[in-house]
C-alpha cells in the first residue's frame, strides 16, 4: 500500500515531467545558444588577439624599413597592412610612418596616397586629422592650394581646429591672401591656450600678416564677464 510520502513524490515527479514536456525543448535551445555564444565569444577574442599580434609584427617591419629608408619595402609592408589589418590602430600608425619616409625619399605621390588612406579609413578621428594636416602641407608645398584647402574643410575633433586654422593661414599666405591668412591665424591664436608654446609662433605669423596679437589679447580680456572673473 502506497504511503503518503510515496504519493507526494509521485505527484512531484508528475509535475516535473509536465514541466519538462512543456518547457524542455525551450530550455535545451537556450542552453545550446548560450554555450554557442560563449564559444563564439572566446573564438572571437582569440582571433582578435591573434590579429593584433600579427598586426604588431607587421608594424615592426614597417618601422624597420622606415629606419632603413627602404621606400620600396615600406610600400609593400604598408600594402600588406592595409590588406590584412586595415581596421587596427597599427594600420593608421603605419600609414603615417610610411608617408613620412616616402616623402623624405621623394616619393610624393606614394606619400600622399598613404596619407589619403589614413584620412579616409583610420578608425581614430585624431589620426584622420593628423593625416589631413600633413597631406595639406604636402599639397601646399606642391602649390596645389585648392586641394590643400579642401583637405582642411573636413570636420575634425575640437582639439585640432586651431591647427587646421593655422595651416589654412599658411596656405593663404602662400597665395598672397593676407586678409584671409590673418583671419585664420586669429582663429588659431584664439583656439590655443595661453601657455601653449606654439601660440608664440602664431603671433609671429600674425605680425607677418599685419595683425597685432596684443589687440587679440585685449579682446579676450574684454569678453570675460565680471561674474566669470569672480568665479
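We did not get these values from a lab; they are worked out from the coordinates using the rules stated. None of these values were measured; they are calculated from a predicted model. For neighbour counting, all protein chains shown are included, and Cβ atoms are generated from backbone atoms with ideal geometry for every residue, glycine included.
Cβ-to-Cβ counts within 10 Å put 130, 27, 202 in ascending order as 27, 130, 202, the fewest first. For the range 145-213, the fraction of C-alpha pairs farther apart than 18 angstrom is 31 percent. Sequence-distant contacts, meaning Cα pairs under 8 Å at least 6 residues apart, place the relative contact order of the range 138-219 at 23 percent. Scaled to the globular estimate 2.2 N^0.38 Å, the Cα spread of the range 65-199, given as radius of gyration, is 1.11. Look at where the Cα atoms of the range 54-91 and of the range 93-157 average out, and the two centres are 17 Å apart.
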